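Novice: Sharing a structure, written as structure tokens. Questions coming.
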Amino acid sequence: MASTSTTRQALGAIGQVALGAALLTAGTGHLTKQREEFQAQVPEWFPADPDAVVVVSGVVELALGAALVATWKQPARAVVGTAAATFFVAVFPGNIGQYTGRVDAFGLDTDTKRAVRLVFQPVLVAWALASTDAVQVCRARRAHARSLPRTADVARAVAQTTRTTRPGDRLKP
């Protein structure tokens with residue numbers, strides 16, 4: 001059982017570093033030689049300057065990539081994974097826009113290639129969550145929160161205690 005856990009941890013770490021490296025590479029491309037291709041992917045309906053969108057998303061990718069490479073303690077690791085997954089969801093409309101607008105960029109010059117890219121986006125979301133154990137950490141935190149007394153229960157107990165005691169009464173520990 002321990003070897004399965006160790007293998008899973010090693011695969012998660014490799015996946016986390018690989019995703020971080022991919023984001024660092026993409027973020028660098030956003031800010032350098034691939035900037036124009038990334039601008040072409042910003043949908044026309046998006047209410048912002050395409051260059052600004054590319055620069056901001058590039059900076060975010062660099063930050064997420066660096067965080068994925070450098071963050072190893074939970075729950076921070078899960079937070080970074082969740083942030084990366086959220087980013088992948090946030091940029092998905094750009095991928096849809098590339099498909100529906102038939103925009104050629106990065107070798108995606110057919111509808112089939114652009115459709116495959118659309119299918120790959122949920123894979124990136126799952127990769128970010130799985131490699132950082134974000135789902136497991138979230139479940140553990142939720143289970144812990146459920147085990148704590150609810151605010152209403154505590155308030156009811158306090159109110160009941162104050163009603164049944166008189167000034168000068170000693171409370172039992």
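Since every read-out is calculated from the coordinates, none of them should be taken as a lab result. On a predicted model such as this, the values are computed, not experimentally measured, just so you know. Reconstructed Cβ throughout: ideal geometry from the backbone, glycine too, with neighbour counts over all protein chains shown.
Novice: Taking the Cα-to-Cβ direction at Ala13 and at Val56 and moving 7 Å from each Cα, how far apart do the two end points lie in nm?
Specialist: It works out to 3.7 nm between the two label points.
Novice: Using the charge dipole of the chain (Lys, Arg: +1 at Cβ; Asp, Glu: -1 at Cβ; taken about the Cα centre), state which of Thr6, Thr32, Thr110 has its Cα farthest towards the positive end.
Specialist: So the residue we want is Thr6.
Novice: Pulled fully out, how much extra length does the chain show between Lys33 and Phe120, if you take 0.36 nm times their separation in residues and subtract their Cα-Cα distance?
Specialist: So the extension gain works out to 29.0 nm.
Novice: Okay, next question. Any idea what angle helix 111-131 forms with the longest principal axis of the chain, computed on alpha-carbon atoms, 0 to 90 degrees, nearest 10?
Specialist: For 111-131 against the chain, the angle is about 30 degrees.
Novice: Excluding Pro50 itself, calculate the net charge of residues whose Cβ lies under 13 Å from the Cβ of Pro50, where each Lys or Arg counts +1 and each Asp or Glu counts -1.
Specialist: Here the charged neighbours net out to -4.
Novice: Once you charge only the Cβ atoms, +1 for Lys and Arg and -1 for Asp and Glu, what is the size of the charge dipole of the chain about its Cα centre, to the nearest 20 debye?
Specialist: 1560
Novice: With volume of the Cα convex hull per residue in Å³ in mind, check [x] 112; [y] 124; [z] 207 and report the label derived from this structure.
Specialist: Calculated volume of the Cα convex hull per residue in Å³: the matching label is [z].
Novice: Once the mean 1/r over all distinct Cα pairs of segment 1-102 is inverted, what Kirkwood radius in angstroms do you read off?
Specialist: 14.8
Novice: I need the phi-derived Karplus couplings for segment 145-153: 6.51 cos²θ - 1.76 cosθ + 1.60, θ = phi - 60°, integer Hz, Gly and Pro marked x.
Specialist: Each residue's phi maps through the Karplus curve to give 4, 5, 7, 7, x, 6, 4, 4, 5 Hz.
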